[in-house]
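Student: Mind looking over this structure? Questions follow.
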Amino acid sequence: MNSDAVLLLETVHFAAEKHRNQRRKDPEATPYINHPIGVARIISHEGGVANIEVLQAALLHDTVEDTDTSFAELEAKFGPIVARIVQEVTDDKSLSKQDRKRQQVEHAAHCSRQAKVVKLADKLYNLRDLNRCTPSGWTAERVQEYFVWASEVVKGLRGTNYALEERLEELFRQRGVQL
Ligand SMILES: Nc1nc2c(ncn2[C@@H]2O[C@H](COP(=O)(O)OP(=O)(O)O)[C@@H](OP(=O)(O)OP(=O)(O)O)[C@H]2O)c(=O)[nH]1
Ligand SMILES: [Mn+2]
């Protein structure tokens, strides 16, 4: 009964419940859950990674940062490996935004391989989303700054998944950002 398919459905259901009242920042206010599902799908479909814990962590990766979910809750429900990967990709919300951004750059290289895959796919999704449309209230400069900062994070994630890194490199190249 605990097949990977059943586990994945349990996980996507949990994430959807947690993000149920959240929307993306795009003008159409897309349901937030589209993002974690899209990140998991990038990992499987483009990254060629079928590891169940990595896919579960991708589905859950913003639940602690952006909802009332705790790591203890994730560990009890999905086990220590999934909870640890989510922890590795979760910003410390007690820090200022500037410090959180700096920490992502500093911590990237020290993450586990599994967390690096989730981070690569998260950045790839968000950069594609920025190319698709500008979030409400963002200037073109802010969009460009996000690309520059994301490239600094991705530098620390290299050597993890060739397909994802190649796609990210192309997006940076289009923006004139050197990786
Ligand atoms: N491109 C884009 N991003 C949106 C949209 N709606 C919500 N986001 C989220 O906003 C975050 C990027 O915006 P920032 O201003 O840099 O961060 P903030 O959420 O801490 O304010 C990402 O968080 P994250 O996934 O935690 O990733 P990260 O930026 O911390 O790596 C992204 O998922 C949207 O419509 N387009
Ligand atoms: Mn995310």
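Student: Taking the Cα centre of region 44-179 as origin and charging only Cβ (+1 Lys, Arg; -1 Asp, Glu), how large is the dipole, in debye to the nearest 20?
Tutor: The dipole magnitude comes to about 360 debye.
Student: Same structure, new question: With an 8 Å cut-off on Cα pairs and a minimum separation of 6 or more residues, tell me the relative contact order of the chain in percent. Write out the running numbers ahead of the final one.
Tutor: Numbers: 187 pairs, mean separation 38.9, N = 179.
The value is 22 percent.
Student: Per the Kirkwood treatment, what hydrodynamic radius in Å, one decimal, follows for the chain from the mean inverse distance over all distinct Cα pairs?
Tutor: Over the chain, the inverse of the mean reciprocal pair distance is 16.6 Å.
Student: Using amide H atoms built in the peptide plane, which far-off residues or other-chain residues are under 5 Å from Arg23 H to H?
Tutor: Amide H neighbours of Arg23, under 5 Å, 5+ apart: Tyr32.
Student: Hey, what's the Cα Rg ratio for region 113-179 versus the globular rule of thumb, 2.2 N^0.38 Å? Mind showing how you got there, number by number?
Tutor: Numbers: Rg = 11.6 Å, N = 67, 2.2 N^0.38 = 10.9 Å.
In units of the 2.2 N^0.38 Å rule of thumb, it is 1.07.
Student: Same structure, new question: Multiply the residue gap between Asp26 and Glu46 by 0.36 nm, knock off their C-alpha separation, and tell me the result in nm, one decimal place.
Tutor: 4.8 nm
Read-outs: derived from the displayed coordinates by stated rules, not from any lab. Quick caveat: nothing in here was measured; it's all calculated off a predicted structure. Neighbour counts run over all protein chains shown; Cβ positions are idealised from the backbone, glycine included.
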